[in-house]
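For reference, the structure discussed in these notes is given below.
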Amino acid sequence: MVNIIIFGPPGSGKGTQAVQLAQKYNLIHISTGDLLREEIANGTSLGLDAKLYIDSGKLVPDKVMIDIINIKLEENKQVQGFIFDGFPRTVPQAEALDNLLNQKGMTISKVLALDVSVEELKKRILKRGMTSGRSDDTDELIIDKRVKEYEEKTKAAANYFDRQEKLSLVQGEGTIEDTFALLCEVIDK
Ligand code: AMP
């Protein structure tokens with residue numbers, strides 16, 4: 001079983017890469033951003049609550065996210081492994097993921113973090129915002145807030161795995177293909 005986490009600031013391409021990695025390594029792709037957007041589209045109460053946070057560029061509370069992940073792990077037993085995209089985003093989420101996996105006899109195998117400059121991130125998100133239909137992709141102030149949340153909270157979650165010697169930093173400014181090759185190199189090592 002291989003369980004991978006892919007970290008990266010908003011616009012770093014982690015969603016695109018996670019989809020391709022899931023395909024190549026036969027993993028279940030769990031994107032918490034996609035799951036929340038699905039809840040919003042379905043008009044659930046969880047979705048309505050989450051929308052307030054997402055639209056202001058803030059993180060959704062840990063408890064909500066940990067419950068969502070627990071449900072997904074329970075729904076997908078007997079699988080080859082998972083790729084977590086957009087989760088964990090805080091140290092409490094990282095600890096909770098470690099604990100949930102341990103309880104089920106699993107562990108995190110590799111942790112990847114995409115490195116992209118803030119200027120490049122903003123350029124990419126604003127471009128994506130022209131077609132993504134995501135309101136959090138169009139307003140520069142909201143984008144700044146999302147990047148700040150990453151710097152202040154999510155980097156600490158990545159460092160949590162660095163202390164376990166599982167973290168690899170990968171250059172994410174090249175083409176999709178270049179970055180994919182670099183990520184595969186780390187996984188195959
Ligand atoms: P993403 O599609 O991963 O960029 O996520 C979009 C938004 O969903 C984020 O800006 C957060 O508001 C929210 N979100 C997604 N995953 C998480 C998480 N693990 N913890 C807290 N908020 C999250």
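The values are calculated or read from the model by the stated rules, or taken from the named source; none is laboratory data. In this text the structure is predicted, and so the values were computed from the model without any measurement. Here the Cβ is made from the backbone with ideal geometry for all residues, glycine too, and neighbour counts use every protein chain on show.
Asn102 meets the conditions (1) away from the ligand (no atom under 15 Å from the Cβ); (2) buried (at least 18 other Cβ atoms within 10 Å of the Cβ); (3) closer than 21 Å to Arg163 by Cβ in every case but one. The failed one is (2). Checking every residue in segment 105-114 against the condition of being in contact (Cβ under 8 Å) with a residue 60 or more places away in the chain, in a helix (DSSP H, G or I) and of a type outside the set (Gly, Ala, Ser) gives zero matches. The set of residues from segment 48-61 being among the aliphatic types (A, V, I, L, M) and either in contact with a strand residue (DSSP E or B) (Cβ under 6 Å, 6 or more places away or on another chain) or in a loop (DSSP other than H, G, I, E, B) (or both) comprises Leu59, Val60.
Looking at segment 62-79 only, could you name the residues that are in a loop (DSSP other than H, G, I, E, B) and at pLDDT 95 or above? Quick ask: steps written out before the conclusion?
Filtering segment 62-79 down to residues in a loop (DSSP other than H, G, I, E, B) leaves 76-79.
Listed by number, the list holds a single entry, Asn76.
Selection over segment 13-53 of residues that are under 22 Å from Ala113 (Cβ atoms) and either within 10 Å of the ligand (Cβ to nearest atom) or among the aliphatic types (A, V, I, L, M) (or both) gives a count of 15. A Cβ distance below 6 Å, combined with a sequence gap of six or more or placement on separate chains, defines the contacts here; from segment 1-29, residues that are within 22 Å of Leu101 (Cα to Cα) reach residues that are outside any helix (DSSP H, G or I) and basic (Lys, Arg) in the pairs Ile4/Lys110. In segment 52-73, the residues that are farther than 16 Å from His29 by Cα form Cβ pairs under 6 Å with partners that are among the β-branched types (Val, Ile, Thr), at six or more places apart or across chains, as follows: Tyr53/Val60; Gly57/Ile142; Asp62/Thr90.
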